[in-house]
Amino acid sequence: MLFPTPSLRVEDRRVLDEIEVMRYELRHQVRSIPAKWTAGLRKFLTADAVAASNSIEGFRVSTVDVADLMEGEHDVEVSEENREETLAYQRMMTYIQTLHDVEDFSYGKGLLNGLHWMLQGHRHKAGKLAGQWRKGPVYVTDTRDPSIAAYTAPDARDVPRLMAELVDWLNAADDGAHPLVRAAMAHLHLVSIHPWSDGNGRMSRSLQTLMIAREGVLAPEFSSIEAWLGRPGNTWEYYRELGARGPTYRPDQDVAGWVRFNLVAYHQQAQTVRNRLERSGRVWTILADFVDGEPFDERVVSALHDVAMSGRVRRLRYENAEGLSTQQAQRDLRDLVAARVLESVGRTRARYYTAGPRFPQRALESARTPMSLADPYPA
């Protein structure tokens, strides 16, 4: 038995309508602005989702470091464990992103276990099987006291039956619920069944991302709420909401609170992406005007944009973004350092670049101005 999808209240439908409006407006914005403006944003949002979802599980790598690892940088100062977890999750997310428009797509045991192998294959060993349903019990322990089980998952003998029921539910899509609500319910179903010995939280969040992406309104990079869930206060609320479901698997209960929690996440993440997109455009315009009055090729705007929006840029990221040779990228960055627009930090392959004394302050101020998020359920 799975959790029944709750009916939406009047205020829930209002919030859902607002989310829909923002998402369709974002789709129009993304399609109407130059690709270069959005390419960096897509990479940032993917890196942010990976960093946030991993951080929930205790693997802490900054978004900018995740972005560098995704570019193929080797000299990033992170532990080997965090590097492996980051790259494994990034590979799985990359595959999920490619599934958003597959015409003959269907959910199945093979797909879910395959995704799990991408995520956990590097940890595969006896007792921690990757890509297979678990063989024994699994517990979610209290973060303050590991001797206390905050949640005990269903018996391993029930997992094949429950997962078969979930796969049928995923493929049916005929219950009349909104796709965003179904995605939230899929997250709850999977994390509650806990079918694998490890990696269940990230798999559940990834399944939600996949279902939102399959809906087709926004590209996968703009669809995930994992970055929102990874903010410290939201992570606490996330665990509290899951904890409200009880210490054991009880699907015969009202989970309207879980749906409302996800509607808040969708709403505020859409606000965040919209704001980042608008800031990205403003910063690009400021930097393009600056470069127009300087003896640099206009392509250096992308390097300066990375510095303004993310705090730094590496040669490889700039090289990939502009399709340059290593020598061209090095020369451009060297010229920007000589002009005191950028400053070089570190040596050889570990070198990166930050804002120098002549970096346009208006661009930095625009990039760093914090935003306020509206509560879709005001008191």
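The values are calculated or read from the model by the stated rules, or taken from the named source; none is laboratory data. As the structure is a prediction and not an experimental result, all values here were calculated from the model. Heads up, the Cβs are rebuilt from the backbone with ideal geometry, glycines too, and the neighbour counts pull from every protein chain shown.
The rows are residues; the columns are (1) under 18 Å from T94 (Cα atoms); (2) outside any helix (DSSP H, G or I); (3) of a type in the set (A, V, I, L, M, F, W, C); (4) in contact with a strand residue (DSSP E or B) (Cβ under 7 Å, 6 or more places away or on another chain).
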site: V159; (1), (2), (3), (4): no, no, yes, no
site: D175; (1), (2), (3), (4): no, yes, no, no
site: V181; (1), (2), (3), (4): no, no, yes, no
site: M185; (1), (2), (3), (4): no, no, yes, no
site: H189; (1), (2), (3), (4): no, no, no, no
site: S197; (1), (2), (3), (4): no, yes, no, yes
site: A213; (1), (2), (3), (4): yes, no, yes, no
site: L218; (1), (2), (3), (4): yes, yes, yes, no
site: E221; (1), (2), (3), (4): yes, no, no, no
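What number of residues within segment 292-309 satisfy the criterion of being surrounded by fewer than 19 Cβ atoms within 10 Å (Cβ to Cβ) and more than 15 Å from A321 (Cα to Cα)?
So the first thing to find is which residues in segment 292-309 are surrounded by fewer than 19 Cβ atoms within 10 Å (Cβ to Cβ), and the list is 292-299.
Keeping just the survivors that are more than 15 Å from A321 (Cα to Cα) gives 292-296.
Going through segment 292-309 one residue at a time, the tally reaches 5.
Taken together, the residues in segment 313-346 that are touching a Phe, Trp or Tyr at 6+ places or on another chain (Cβ under 8 Å), closer than 17 Å to V64 by Cβ, surrounded by fewer than 20 Cβ atoms within 10 Å (Cβ to Cβ) and touching a residue at least 12 places away in the same chain (Cβ under 8 Å) amount to 2. I need the full set of residues from segment 261-282 which are crowded, with 22+ Cβ neighbours inside 10 Å and hydroxyl-bearing (S, T, Y), in order please. Once the filter is applied, which keeps residues that are crowded, with 22+ Cβ neighbours inside 10 Å and hydroxyl-bearing (S, T, Y), segment 261-282 yields only Y266.
Name every residue in segment 249-282 that is of a type in the set (V, I, T), modelled with pLDDT of 95 or more and not in a loop (DSSP other than H, G, I, E, B), in order of residue number. It would help to see each step written out before you state the result.
Of all residues in segment 249-282, those of a type in the set (V, I, T) come to 255, 259, 264, 272-273.
Adding the requirement that they be modelled with pLDDT of 95 or more leaves 255, 259, 264.
Result: V259, V264.
Let's see how each residue does on (1) part of a loop (DSSP other than H, G, I, E, B); (2) at pLDDT below 95; (3) under 18 Å from the mean Cα position of the chain (by Cα):
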{"position": "E103", "(1), (2), (3)": "yes, yes, no"}
{"position": "G110", "(1), (2), (3)": "no, no, no"}
{"position": "Q120", "(1), (2), (3)": "no, yes, yes"}
{"position": "W133", "(1), (2), (3)": "yes, no, no"}
{"position": "G136", "(1), (2), (3)": "yes, yes, no"}
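Screening Y238 against (1) without any contact (Cβ under 8 Å) to a residue 40 or more places away in the chain; (2) in a helix (DSSP H, G or I) leaves a single unmet condition, (1). Can you name the residue in segment 319-371 that is under 29 Å from the mean Cα position of the chain (by Cα) and of a type in the set (F, W, Y) and, of all such residues, is nearest to G293 (Cα to Cα)? Step by step, filter segment 319-371, then rank; the result is Y353.
Can you tell me which residue within segment 25-71, out of those that are among the acidic types (D, E) and surrounded by fewer than 19 Cβ atoms within 10 Å (Cβ to Cβ), is nearest to T94 (Cα to Cα)? Explain how you work it out, then say what you get.
As a first pass, look at segment 25-71 and keep what is among the acidic types (D, E): 25, 48, 57, 65, 68, 71.
Keeping just the survivors that are surrounded by fewer than 19 Cβ atoms within 10 Å (Cβ to Cβ) gives 25, 57, 71.
Numbers: E25: 25, E57: 20, E71: 13 Å.
Result: E71.
Collect the residues in segment 10-24 that are of a type in the set (V, I, T) and either crowded, with 16+ Cβ neighbours inside 10 Å or within 29 Å of Y239 (Cβ to Cβ) (or both), keeping them in residue-number order. Step through it out loud before you land on a result.
Quick first cut of segment 10-24, residues of a type in the set (V, I, T) only: 10, 15, 19, 21.
Listed by number, the residues that qualify are V10, V15, I19.
Taken together, the residues in segment 191-229 that are crowded, with 23+ Cβ neighbours inside 10 Å, farther than 25 Å from P160 by Cβ and among the small types (G, A, S) amount to 4. Just to be sure, is D198 over 20 Å from D254 (Cα atoms) and either within 21 Å of the chain's Cα centre (by Cα) or of a type in the set (S, T, Y) (or both)? Considered against the rule, which asks whether it is over 20 Å from D254 (Cα atoms) and either within 21 Å of the chain's Cα centre (by Cα) or of a type in the set (S, T, Y) (or both), D198 comes out as yes. Residues in segment 352-373 that are at pLDDT 95 or above and loosely packed, with under 13 Cβ neighbours inside 10 Å: P357, Q361, E365. Kindly provide the set of residues from segment 94-143 that are in contact (Cβ under 8 Å) with a residue 24 or more places away in the chain, closer than 24 Å to A219 by Cα, out of contact with any Gly (no Cβ under 6 Å at 6 or more places or on another chain) and of a type in the set (A, V, I, L, M, F, W, C), ordered by number. Hits for segment 94-143 are I96, L99, F105, L112, L115, M118. For R349, the stated conditions do not hold, so it cannot be described as outside any strand (DSSP E or B), buried (at least 16 other Cβ atoms within 10 Å of the Cβ) and of a type outside the set (V, I, T). I'd like to know if segment 364-371 contains one or more residues that are of a type in the set (V, I, T) and under 28 Å from R231 (Cα atoms). Yes. Please tell me if T348 is among the β-branched types (V, I, T) and either at pLDDT below 95 or closer than 30 Å to L16 by Cα (or both). Answer is yes for this residue. A count restricted to segment 240-260 and to residues that are closer than 18 Å to S206 by Cβ and either in contact with an Asp or Glu (Cβ under 8 Å, 6 or more places away or on another chain) or surrounded by fewer than 20 Cβ atoms within 10 Å (Cβ to Cβ) (or both) stands at 1.
Listed here are the helices (runs of 4 or more DSSP H) enclosed by segment 7-75 that have at least 3 residues being modelled with pLDDT under 85: 10-32, 35-56.
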